[in-house]
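K.L.:
First, the structure itself, so that you have it in front of you.
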Amino acid sequence: MKILQITVIGCGYVGLTTSVALAYIGHRVHCIDQNQERVQALQNGIVPMHEMGVAELLGQLRDRISFGRWDSFNLTTEVIIIAVGTPRKDNGEADTSYVEAVARELGQRLSGDGLPIIVNKSTVPIGSARRVESVVSYYLKSRGINIPVTVASNPEFLREGVALYDTFYPDRIVVGANQGEAINILREMYAPILEQTFIPPEFLPRPDSYNLPAFITTTPTSAELIKYAANTFLAMKISYINEIAGLAERVGADILEVARGIGLDKRIGVQYLNAGIGWGGSCFGKDVQALIHTAGQYDYDMPLSSATIQVNLRQREEIIRKLQSALKVLRGSTVGLLGLSFKPGTDDLRDAPSITVAKRLIEMGAHVKAYDPVAMENCRKSHPELDMLYANSAEELAHGSDALVLVTEWKEFLSLPYNQLGKLMRQKVIVDGRNVLDRQLLTEAGFNYIGVGR
């Protein structure tokens, strides 16, 4: 394989995972971030986020990966990957100010001696590859450098908590570029993954049934739309099964049976048909809103995408309704939340259902307690406004609670000693917000078990 000199700009979830994976398969990677505290932590081998396997691999790759700020930028780099954040604005539009700042910085730093390929890996609005190209070109020309700039779109399809797995064993790699040179270089960059010639990490073995990923080449515009369309469809699928779950409750059906019955249809599939408290995280809501905003700029209505968000928000309110139905009066009641992060395997709280539920319960006069294996410190820092008690264990959470709500399906929560926990509670009510607990076992232990769509 050809070993490339790669610069990744942005050391968040996507940037850091991508950097570690590319270094692991043999490339030389330098990561740039403006957050000095984060850079120093990474230089010391400390990963400032919870993502399975990243810290372990980072410790093995000190000779192939480095970290710094812009003053460490290397002009000999062959590929520049932009992986900075694109948070949602109040109007739903993606905030590309960080991407624009990177483009300006590159235009002011790059030389005319063979420009590297610039890659947008950040989730960016349609037309962003062209925009980055124009910004970089403008600043180069202002310095008397008048040579073509190549910008490709290479969207990521990573799931937090298993981001390394998705990087090493993807379904597909999408590259949107108008120049054959960019496509060829990125094919070389990903060759060990496309051909699966790398030795897998011991803790992340190659799946037995894994098929080689497709390498899909498109225009930059199509690649940008693929990312938004994929996330919107997945969010829509979850919202759909949650909508059916509401009907299942009213007619006496069991959503687990319904989901299995429709999911075995190969045209539908079983994935993302898990009814529950709804989706969260940094991607789905932001990307659906951005897609709707883009469509609005073309005077095009997207009612299915809009309903996807509305159903998801309603699903969080359904948890409050279930608690009201079971406890009758929430004011003065104590509710314990099992889990805070939006999904297992991460400490990410962005758009986490737990925060919405906690805020609503506090507004209604309930006392809220929470326990999460990894996300409590992040919650303390990012949501100091929440008047919530943090428990050090599931037992401490259950003590004196009137109800427990399973919000995040951490593996340890599936096998808690619920019979003992129930003895510590004032009322034995449990809302299974992910439909993953053993209803029969809990019922036999004296719990009022409340699922979603069951």
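K.L.:
Taking the range 248-266, which residues are more than 21 Å from residue 316 (Cα to Cα), basic (Lys, Arg) and assigned to a helix (DSSP H, G or I)?
P.N.:
Within the range 248-266, just 260 meets the criteria.
K.L.:
If you go through the range 217-226, how many residues are in a helix (DSSP H, G or I) and either more than 30 Å from residue 132 (Cα to Cα) or out of contact with any helix residue (DSSP H, G or I) (no Cβ under 7 Å at 6 or more places or on another chain) (or both)?
P.N.:
Selection size over the range 217-226: 5.
Table: residues versus (1) outside any strand (DSSP E or B); (2) open to solvent by less than 20 Å² (accessible area, probe 1.4 Å); (3) of a type outside the set (Phe, Trp, Tyr); (4) within 16 Å of residue 337 (Cα to Cα).
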residue: 413; (1), (2), (3), (4): yes, yes, no, yes
residue: 421; (1), (2), (3), (4): yes, yes, yes, yes
residue: 426; (1), (2), (3), (4): yes, no, yes, yes
residue: 430; (1), (2), (3), (4): no, yes, yes, yes
residue: 436; (1), (2), (3), (4): yes, no, yes, yes
residue: 441; (1), (2), (3), (4): yes, no, yes, no
residue: 446; (1), (2), (3), (4): yes, no, yes, no
residue: 449; (1), (2), (3), (4): no, no, no, yes
residue: 454; (1), (2), (3), (4): yes, no, yes, no
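K.L.:
Please go through the range 383-395 and pick out each residue that is part of a helix (DSSP H, G or I) and either modelled with pLDDT under 95 or farther than 15 Å from residue 427 by Cα (or both).
P.N.:
Listed by number, the list holds a single entry, 394.
K.L.:
How many residues, within the range 132-148, are at pLDDT 95 or above and under 37 Å from the mean Cα position of the chain (by Cα)?
P.N.:
The total comes to 9.
K.L.:
Please give the number of the condition residue 2 fails out of (1) in contact (Cβ under 8 Å) with a residue 60 or more places away in the chain; (2) within 23 Å of the chain's Cα centre (by Cα).
P.N.:
Failing condition for residue 2: (2).
K.L.:
Now, a different point. Looking at the range 43-97 only, could you name the residues that are open to solvent by 50 Å² or more (accessible area, probe 1.4 Å), among the β-branched types (Val, Ile, Thr) and in contact (Cβ under 8 Å) with a residue 24 or more places away in the chain?
P.N.:
Matches in the range 43-97: 76 only.
K.L.:
Moving to a separate point now. Given the criterion touching a residue at least 40 places away in the same chain (Cβ under 8 Å), touching a helix residue (DSSP H, G or I) at 6+ places or on another chain (Cβ under 8 Å), open to solvent by 30 Å² or more (accessible area, probe 1.4 Å) and assigned to a helix (DSSP H, G or I), identify the matching residue among 238, 292, 185.
P.N.:
Result: 292 is the single residue among 238, 292, 185 that is touching a residue at least 40 places away in the same chain (Cβ under 8 Å), touching a helix residue (DSSP H, G or I) at 6+ places or on another chain (Cβ under 8 Å), open to solvent by 30 Å² or more (accessible area, probe 1.4 Å) and assigned to a helix (DSSP H, G or I).
K.L.:
Kindly indicate whether any position in the range 267-279 is in a helix (DSSP H, G or I) and touching a helix residue (DSSP H, G or I) at 6+ places or on another chain (Cβ under 7 Å).
P.N.:
no
K.L.:
If you take the residues in the range 117-128 that are at pLDDT below 95 and of a type outside the set (Ser, Thr, Tyr), which one is surrounded by the most Cβ atoms within 10 Å (Cβ to Cβ)?
P.N.:
So, considering only residues that are at pLDDT below 95 and of a type outside the set (Ser, Thr, Tyr), the one surrounded by the most Cβ atoms within 10 Å (Cβ to Cβ) is 124.
K.L.:
Using beta carbons and a limit of 7 Å, which pairs, at least six apart or on different chains, have the first residue in the range 153-165 and part of a helix (DSSP H, G or I) and the second one acidic (Asp, Glu)?
P.N.:
As it stands, the answer is 163/51, since those pairs meet every condition given.
K.L.:
Specify the residue that is nearest to residue 1 (Cα to Cα); the eligible residues are those in the range 28-48 that are touching a Lys or Arg at 6+ places or on another chain (Cβ under 9 Å) and part of a helix (DSSP H, G or I).
P.N.:
Checking each candidate, the answer is 39.
K.L.:
Name the residues in the range 205-233 that are aromatic (Phe, Trp, Tyr) and either in contact with a strand residue (DSSP E or B) (Cβ under 9 Å, 6 or more places away or on another chain) or within 22 Å of residue 182 (Cβ to Cβ) (or both), would you?
P.N.:
Of everything in the range 205-233, those that are aromatic (Phe, Trp, Tyr) and either in contact with a strand residue (DSSP E or B) (Cβ under 9 Å, 6 or more places away or on another chain) or within 22 Å of residue 182 (Cβ to Cβ) (or both) turn out to be 215, 228.
K.L.:
Quick check on my filter: what residues within the range 325-341 are open to solvent by less than 30 Å² (accessible area, probe 1.4 Å) and either over 21 Å from residue 421 (Cα atoms) or in a strand (DSSP E or B) (or both)?
P.N.:
334, 335, 336, 337, 338, 341 - these are the residues of the range 325-341 that are open to solvent by less than 30 Å² (accessible area, probe 1.4 Å) and either over 21 Å from residue 421 (Cα atoms) or in a strand (DSSP E or B) (or both).
K.L.:
Within the range 31-39, can one find any residue that is over 30 Å from residue 306 (Cα atoms), among the charged types (D, E, K, R) and open to solvent by 40 Å² or more (accessible area, probe 1.4 Å)?
P.N.:
Within the range 31-39, one or more residues are over 30 Å from residue 306 (Cα atoms), among the charged types (D, E, K, R) and open to solvent by 40 Å² or more (accessible area, probe 1.4 Å).
K.L.:
Please indicate, with yes or no, whether at least one residue in the range 399-411 is over 25 Å from the mean Cα position of the chain (by Cα), free of Cβ contacts under 8 Å to residues at least 40 places away in the same chain and assigned to a helix (DSSP H, G or I).
P.N.:
There is no residue in the range 399-411 that is over 25 Å from the mean Cα position of the chain (by Cα), free of Cβ contacts under 8 Å to residues at least 40 places away in the same chain and assigned to a helix (DSSP H, G or I).
K.L.:
Give me the residue from the range 280-289 that is part of a helix (DSSP H, G or I) and touching a Lys or Arg at 6+ places or on another chain (Cβ under 9 Å) and, out of that set, surrounded by the fewest Cβ atoms within 10 Å (Cβ to Cβ).
P.N.:
289
The values are calculated or read from the model by the stated rules, or taken from the named source; none is laboratory data. Because the structure is a prediction, the values reported are computed rather than measured. Glycine also receives a Cβ, built like all others from the backbone with ideal geometry; neighbour counts cover every protein chain displayed. These accessible areas exclude ligands, DNA and RNA; they are computed on the full protein's heavy atoms, side chains included. Shrake-Rupley method; radii C 1.70, N 1.55, O 1.52, S 1.80 Å.
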